[in-house]
Amino acid sequence: MSKLVYGILPALVTPFDDNLELKIDAVAPLVRSLLETNISGFFVCGGTGEGRAMTVPERKAMGEAAVKAVGGQVPVILHVGGTTTEEAVALAAHAPTVGADAVASVAPANRPNDLAAAVKHYTAIGSASDLPFYVYWLASDADRGVTAHRFLEAMADVPNFSGIKFTDTNLYLFQQLVDLSGGCLNAITGPDEMCAAGMIMGSDGAIGSTYNIMPRIFCGMYQAFQEGRVQDAMKAQTSANRMISILISVGVLAGIKAMLGWQGLPVGPPRPPNNRLTKEDELRLRRTIEALDFEVV
């Protein structure tokens, strides 16, 4: 099976209004603005997209709106993981009906650190459609005793298993997954602050939250690496990490959503359990960015 995605894929934020209701009409403007920056695809309703804070009907509506706005220009991966396997299967079965290109899922919520339970969960999701299936590997959910060989062996019979979104700082394990798969695994890294390091360790690309506000920096980083300009890629990473450090100080998702609003893309605050920015935090964020003279778009 050929690989579906390469390059930089924003983990698309989900727009809400001030009452935290889904704001579907804000999806298309956000997608259009990102498509203008040479991004390579979208990851929808993941952690950044607050999928697990949404109802199944809301997630279906968000997925459909995102796919429609993209209009086939780049691949769209819908994250379907949720509270139950049944919920994930329902979302996976719905994904091809709206034109999604692939589905992904985290480990089951009730057995996150159990590889055998995870494989059963992934098998049910992979069987729900003919779309490529990606494991959303979260460090907090992973079976810490698992080796790359054991993971790939366990996943061998999961229908449509095609790739991984690896949100973990253990890049040795990531490189082992790339190597032992013979390069067949569509291997995508998750930590934005380690994007360039992931490329060095063999990633095909990256999915991340801050790509919503810094797409050109990360697309430039990817292009530099593809052209062999590793030092330029590392400089871009250093620049991006300055912004990431600022966002961490106020709350990453709330900060990203506030910054999109400043760019004329009102996407509202995040839902709980993520915190809203206080007025003081938003003012501090704006002043810090202005002091750095940092261009994010």
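The values are calculated or read from the model by the stated rules, or taken from the named source; none is laboratory data. Just so it is clear, the structure is predicted and the values come from calculations on it, not from any experiment. Please note: Cβ atoms are built from the backbone with ideal geometry, for glycine as well, and neighbour counts cover all protein chains shown.
Quick notes
- If you check Glu290, Glu295, Glu227 for being modelled with pLDDT of 95 or more and surrounded by fewer than 17 Cβ atoms within 10 Å (Cβ to Cβ), only one passes: Glu227.
- Filter result for the condition that a residue is at pLDDT 95 or above, of a type outside the set (Gly, Ala, Ser) and more than 30 Å from Gln223 (Cα to Cα), over Val31, Val56: Val56
- Screening Ser140 on (1) part of a loop (DSSP other than H, G, I, E, B); (2) under 21 Å from the mean Cα position of the chain (by Cα); (3) at pLDDT 95 or above shows it passes everything except condition (3).
- Any hit, region 276-287, residues being touching a Gly at 6+ places or on another chain (Cβ under 8 Å) and either outside any helix (DSSP H, G or I) or small (Gly, Ala, Ser) (or both): yes
- Count of region 152-197 residues which are under 20 Å from the mean Cα position of the chain (by Cα) and outside any strand (DSSP E or B): 19
- His121 being within 20 Å of Thr189 (Cα to Cα), in a helix (DSSP H, G or I) and of a type outside the set (A, V, I, L, M): no
- Test: residue in region 176-192 that is buried (at least 24 other Cβ atoms within 10 Å of the Cβ), within 12 Å of Leu138 (Cα to Cα) and polar (S, T, N, Q): yes
- One residue alone among Val98, Val89, Val103 is under 15 Å from the mean Cα position of the chain (by Cα), closer than 23 Å to Gly63 by Cβ and in contact (Cβ under 8 Å) with a residue 12 or more places away in the chain, and that residue is Val103.
- Subset of region 239-287 [among the polar types (S, T, N, Q) and either crowded, with 19+ Cβ neighbours inside 10 Å or free of Cβ contacts under 8 Å to residues at least 60 places away in the same chain (or both)]: Ser239, Asn241, Ser245, Ser249, Asn275, Thr278
- Scanning region 240-260 for residues that are polar (S, T, N, Q) and modelled with pLDDT of 95 or more yields Asn241, Ser245.
- Take the conditions (1) closer than 30 Å to Gln226 by Cβ; (2) out of contact with any strand residue (DSSP E or B) (no Cβ under 6 Å at 6 or more places or on another chain); Val103 misses just one of them, which is (2).
- Region 215-245, residues that are over 18 Å from the mean Cα position of the chain (by Cα) and of a type in the set (Lys, Arg): Arg229, Lys235, Arg242
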